Amino acid sequence: MSETGNGHAAQFLPDKNFFRIGEVSRLTATKTFVLRYWETEFPMLQPVKSPKGHRLYRREDVQKVLEIRRLLYDEGFTIAGARRHLREHEGHDSAAQANGGNGHANGDAEFAGVEEAVASAVRTSPAAIEAGDPMPTISRKVLLDLRDALRAFLTLLESE
């Protein structure tokens, strides 16, 4: 057994390179029909097919299923939001190292200030102050959705 190495310390995978859909279903506690559906919704999830047409998930596919499951079930992402999140974070580690470890790729640098400003505004909103909560929590999903909306607005403004 080995750790997935994807931040899922509690999840362990047998030491082999390929897993059939039933094994992936058991390992990830996800129904097989859900796995097949996710294949249509997440282009980065592409198990190989055996000569007989059986799905064979690679270790990285199983790790991706675990990540998708976490985003959808634990963090409350929509399918579109989870797809967007995974797409944005595919090269995240190498981008962070290229930028001196600051965690923002070149395209995200201009949004770092916006994200901080939004977070600051949320922390000091009048409603939060009236409620007596100087530091209300806001879900990561809400912040990511807000960031995506701001990016869409910026794209609209730049295209005019």
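Throughout, read-outs are computed from the coordinates displayed, never taken from laboratory work. It should be emphasised that the depicted structure is a prediction, and the values quoted were computed from it without experimental measurement. Neighbour counts are summed over all protein chains in view; Cβ atoms, including those assigned to glycine, are modelled from backbone coordinates with ideal geometry.
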Practice prompt. Could you list the residues of segment 59-89 with an amide nitrogen less than 11 Å from a label point located 7 Å from the Cα of Asn17 in the Cα-to-C-beta direction?
Written response: 59
Discussion item. Would you work out the Kirkwood radius for segment 2-90? I mean one over the mean of 1/r across all pairs of different Cα atoms, in Å.
Written reply: 13.3
